[in-house]
Every structure is written in structure tokens, then in C-alpha cells.
Amino acid sequence: YYLTYEGAVDISKISDPSERLATTSQIYHFGQTPQQIFKRSIRLVASPQKFSLPDLSHLHPSPLFEKNIEHSIHKMEIINGKITVLGPKKIFLSPENSRYLSWDTNDFSLRVLPFEANSKSESVFENLHDGLITAVAVSENGKIIVTGGEDSLVLVWELSKPKSLKGGYQMILKQTFYGHSQQITDIFISQAYSVIVTGSKDQTCIIWDLNRLKFIKQLPKHNSSICKINVNSISGDIITCSGTWIYLWSINGDAIASINTTPSSIDRELIISLLFVEIVKTQTQVIITGHKHGTIKIWQINFSSNNNFYEFSLISSYRNHSSPVTCLLFDENSNRIISGDESGSCLFWSNQEGKETGGLSLIGKYF
């Protein structure tokens, strides 16, 4: 399709919001072709998260576990109908989610572990950075790992499992990104748009080309250290969070909108966690933020035809956690939000009061 050809359209120059949405939707459905590499067909990008909660302004929380896990919840995935929870400095090794990566030790290493109690590391990779590893991201196919460290460097690795290692993994360094001046705080990989977005304590975000492993653009300086990054799989819009602020950027790095989520200087609700989903039926983007004092806020991105710009509007705010909301998950099967906090509490959000969990098992695993 012609919109997918290199140089055929510049989304940043489309001023009409309806035309811009139609163009990005067509690019998504037909697949995007930055440059012709293969002569054969390529597979379509992954399906987006489909969010169809009927009323985001009237959600009711129910505890998923009979008692708290007693450990901080930082990552969650639903595996075989059960919630699997990871603590700090850990991430699921996609796509099968049968293993996870951990960098929670002080020996500067990255470890591959299976989801089994008291299991040993299957592979250990040491001295990846000059100092501690501070951020890790994994591609959807599980073949690319991007690490960031105290040394301000961003390293791109290719992960494989050769037969010669007898069940172990190997990581081959593909590229080193230089551009940040302080510790890396967050990394997001978008295979749909072939970009890596990194954030740092230096208050900047950089967009890198995932295929060519080159610098694309540095976003303007934020008001404080970058805490969270996400990329919409349909539109390619980028969300960055810094302190109490949310920023929305186009895939080309152009500023679209921003908002201070807690204007009060007395009670600064720092953003701790982030979820970015698309409501396909209404063609609207929804951003969910988890905050330091246990609040969850749901935002919608609207286009103001009168002023000809995009803006954030607060749909609802909930304060049912007693500690910082460290993790947010969207369950596609039940179309529900799941939130976890620093104290180990896990809540399941729906439009019905009571303990309905959408078929999810209350028995979870923690690693």
C-alpha cells in the first residue's frame, strides 16, 4: 500500500486530526515499510491492546490475593490464567514468559532464571556496564535486549540459545548508544515502529532506530528525571513521564501535548507507573498513571477543534492503594485493569462491585 512506502507521507505535517488518524490506522493495518530490504512479504505488526471498558469513570477495585504478597510488585503477566508477579529489577523474557531476567544483585550482572521456586540461574552475564544496570527492556520476540546503566550508556544485545551451551543463553553486543550524560532510568522497545526510546536522569529522552541501530532524535529537556516511557503500537505516539508531568510526542519526536498531573506544590503525586492503551471502538487514546501516594488516574487525549490542538482530560481518579502504585497491567481477556503496589497489594478493577476477577486465579507466583 502506497502509504507504507519510504517517504510517501510525513505524519507530522498532517494538521487535520481525522486525516492523521486515518493515515496512521492504514499504516498500522497494512504494515509500515521504512525502506525496502526484502523482496518477499513481511508479517503484520502485533495486534494492539484493545480496551473496551464501558465506563472508566466508575470502576470498583477488588483484591486479587487474600493477603498481600509482602513484596513490592513491579511487573505482572497473566500466564495460564494465573497472575505471575516480579519484584524490583526484574523483567519477563518474552514471548513465552517461561523465564525472566534479573539484575537485582550488586555484582553488575544480568541473569536468566526459570519460573521455578529456588531455581538457579540458567545464564549469567557479567560486567555489561561500568557500574550497576539501571534499566532493561526486552523486544516482543524476545531476541533483542536493551540495557542501560549508571555509566549513561545504552547497549543493544542479541539474545540466542545455541545448542552448544546446553540450555544456556548467549548475548552478543550489537551496538552501543552514546547520547545521555547521566544514569539511564527507563527503556521502551517498539517493534511495531522499529524504535527504541530511552530516558535518563539528565532529563532527556532519545529515539533510536531499532533496525539500523542509529540515533534518530533527542526530545527536548523535561522538567526532571525521566521515570516512565511508552509507545502506542497503533499511532506510534510516545508518552514520557517526568516527576508529575506527562508528555505526548509524535513518532517523529514532535511535541503534541503535556499536562502536570498534580499542580499542587504541597502534595506532589510523582508518577511511578504507566499504561498506554487504545480504545479501538472510539479511536481514542487512554493513559493510566500510578502515583506515589497510591492514586491511579485515567486520562484521555482529546483534540480541541476550537483551539486546533490536543489536550489531556482527566476521566477519573482513584485512591485505593495505601502505598505507591508500582505496576499497571491490562488483561485483554477480561478487558480489565490490574494494579500492584509497593506493599504487595494487587487490585482488579471492573465496573461491578464485589470480587469478580474475570476468571483469573487468585493463586499467583512471586519472583
Query raised in the report: Counting residues that are open to solvent by less than 30 Å² (accessible area, probe 1.4 Å), farther than 20 Å from residue 314 by Cα and in contact with a Lys or Arg (Cβ under 8 Å, 6 or more places away or on another chain), which strands (runs of 3 or more DSSP E) fully inside the range 197-274 reach at least 3?
Result: 205-209
Query - Index of the failed condition, residue 181 passing every other in (1) among the small types (Gly, Ala, Ser); (2) more than 30 Å from residue 220 (Cβ to Cβ); (3) open to solvent by 50 Å² or more (accessible area, probe 1.4 Å) - result: (2)
**Report entry** Residue satisfying all of: in the range 111-124; touching a residue at least 40 places away in the same chain (Cβ under 8 Å) and in a loop (DSSP other than H, G, I, E, B); least open to solvent (accessible area, probe 1.4 Å) among these
**Finding:** 115
Query raised in the report: Filter the range 137-156 for residues that are closer than 16 Å to residue 170 by Cα and not in a loop (DSSP other than H, G, I, E, B); which is nearest to the chain's Cα centre (by Cα)?
Result: 138
Report summary line: The residue that is modelled with the highest pLDDT, considering only those in the range 243-296 that are over 20 Å from residue 325 (Cα atoms) and of a type in the set (Asp, Glu), is 254
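Restricting the search to the range 161-188, which residues are farther than 18 Å from residue 121 by Cβ and either at pLDDT below 90 or in a loop (DSSP other than H, G, I, E, B) (or both)?
163, 164, 178, 179, 180, 181, 182, 183
Give the number of residues within the range 125-136 that are open to solvent by 20 Å² or more (accessible area, probe 1.4 Å), in a strand (DSSP E or B) and under 24 Å from residue 202 (Cα atoms). Talk me through it step by step, then tell me what you get.
Start the filter on the range 125-136 by keeping residues that are open to solvent by 20 Å² or more (accessible area, probe 1.4 Å), which leaves 125-128, 130, 132, 134.
After this cut, where a residue has to be in a strand (DSSP E or B) as well, the list is 125, 134.
Filter once more, so that each one left must be under 24 Å from residue 202 (Cα atoms): 134.
So the count comes out to 1.
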Requested in this report: Restricting attention to the range 145-178, report how many residues are in contact with a Lys or Arg (Cβ under 8 Å, 6 or more places away or on another chain), exposed (fewer than 14 other Cβ atoms within 10 Å of the Cβ) and touching a residue at least 24 places away in the same chain (Cβ under 8 Å).
Outcome: 2
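The values are calculated or read from the model by the stated rules, or taken from the named source; none is laboratory data. What you see is a predicted model, and the numbers here were worked out from it, not measured in a lab. Quick reminder, even Gly has a Cβ in these numbers, built from the backbone with ideal geometry, and neighbours come from all protein chains shown. Note: areas computed on protein heavy atoms with side chains; ligands, DNA, RNA excluded. Shrake-Rupley method; radii C 1.70, N 1.55, O 1.52, S 1.80 Å.
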